[in-house]
1. Out of the residues in region 168-215 that are touching an Asp or Glu at 6+ places or on another chain (Cβ under 8 Å) and more than 27 Å from Pro344 (Cα to Cα), state the one that is modelled with the highest pLDDT.
2. Looking only at region 176-202, how many residues end up being surrounded by fewer than 19 Cβ atoms within 10 Å (Cβ to Cβ), of a type outside the set (A, V, I, L, M) and in a loop (DSSP other than H, G, I, E, B)?
3. Pick from Ala30, Ala21, Ala56: which is over 30 Å from Ala136 (Cα atoms) and part of a helix (DSSP H, G or I)?
4. Any idea how many residues of region 409-418 are touching a strand residue (DSSP E or B) at 6+ places or on another chain (Cβ under 6 Å) and either buried (at least 18 other Cβ atoms within 10 Å of the Cβ) or in a loop (DSSP other than H, G, I, E, B) (or both)?
5. How about region 145-171: which of its residues are touching a Gly at 6+ places or on another chain (Cβ under 6 Å) and under 22 Å from Pro41 (Cβ atoms)?
6. List the pairs whose first member sits in region 223-234 and is β-branched (Val, Ile, Thr), whose second member is not in a helix (DSSP H, G or I), and whose Cβ atoms are under 6 Å apart, counting only residues at least 6 apart or on separate chains?
7. Going by what's in this entry, would Asp247 be described as over 30 Å from Val193 (Cα atoms), without any contact (Cβ under 8 Å) to a residue 24 or more places away in the chain and among the acidic types (Asp, Glu)?
Amino acid sequence: MTGARRNRDVGRDVRMRGFSARATVEAAVAWIDAHAAPLAPEAVPLDALHGRVLAADVHSTIDVPPFDRSAMDGYALRGAETNGAGDYNPLSFAIVGQALPGRPHEAVVGPGSVVRIMTGAPMPAGADAVVPAEFATERDGRVEVTAPLAPGKHVGRRAEDVAEGARLLGAGRRLRAQDVGLLASIGLDQASVVRRPRVRIVVTGDELAVPGMPKGVHQIYDANSSMLRGLVQRDGGELEQVLRVADGRDAIRDAICAAGIDIVLVSGGSSVGSEDHAPGILAEAGELGVHGVAMRPSSPAGFGRIGAALVFLLPGNPVSCLCAYDFFAGRALRILGGRDAGWPHPVRRVRLARKIASQVGRVDYCRVRLGEDGAEPLALSGASILSSTTRADGFVIVPADSEGQPAGADVDVYLYQP
């Protein structure tokens, strides 16, 4: 039996009762991995491929370049005929024509002759080397060459970049600018990529006000939806809509259950308060796979599915929301979009400046600041203190089998990035 199944609160109304047990982080991640898979592929035009994930290998149907071409501005000739050329022994050749990019010289280059040629122009027949212009002096229809050249010098050979039939890029690759350029170089105007997950953000809470609008005395501004927007973009999701709903069961249910979405991110209403309706709605409308996780912060997090859509219940406190997203929702989003499931943060091995205290059986997400003495823990508590994440350079994960980390220990710091 997995840790998720041992979570006896799954499907039970825990409002105003509390959790009697919590799933381990390992079991929670295992549930996600068992229920998330890359979405179906779609054909996307070349100019919209940057950052997308290939759904299939790409093989070239042509050679690049498709012909031998000059790598320099200069003169195409027979390389062997330049033997002995030097500053004090210039060799003279007759200029019989000119080759430009897209406009080749059609005649054969014979003994004692050259063709004036520009970079990228097709090599004329009979020529096998190019004398750069700086080693040649042209006058009266002839050119004097002052440098010897071996055959093949300054010539770009056919297929030296890409050979017909070669596998260029593999399925699962996230396309960079140069990758898209390579696809263009073989003439593709589109490619098959994994569809981006469609995401809905549902923000609950009567106490929340919209930034830029007046708020009541006892209201706070909604920060989570703006934070989640950036995280969804980072992980390759396509944000369809942001819904702000009051703490009413029907409104929350309508927002969570509306069709046409791959992932629903619910901010707030996931804990054990009387107005925390989201877990019960998810259990009734679909499957509540996990509710309550042995971690700090984010212990009230939960997730499940309604039909094919994955639904993540993220705590309303901003740091808890960020933590739960990174541990669970972000992982699912990356899997659905065909990306690597692992953490997207760069990792740096750093010495701990001060100890981190933890509790066996619980995973801790500790924000740290990097300084001359190493990684300085900022806080383990304070799930509502979002500014702790802006003061921090990253975070340390303390595993469940540990009572913490002593000062001086080397730890992995996951770095926050823009």
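The values are calculated or read from the model by the stated rules, or taken from the named source; none is laboratory data. Owing to the predicted nature of the structure, the values given are computational and were not obtained by experimental measurement. Cβ placement follows ideal geometry from the backbone for every residue including glycine, while neighbour counts extend to all protein chains displayed.
1. Ser185
2. Selection size over region 176-202: 3.
3. Working: Ala21 fails: part of a helix (DSSP H, G or I); Ala56 fails: part of a helix (DSSP H, G or I).
None of the others qualify; the one that does is Ala30.
4. So the answer is 5.
5. Across region 145-171, there are no qualifying residues.
6. Correct list of pairs: Val232/Val199; Val232/Leu239.
7. no
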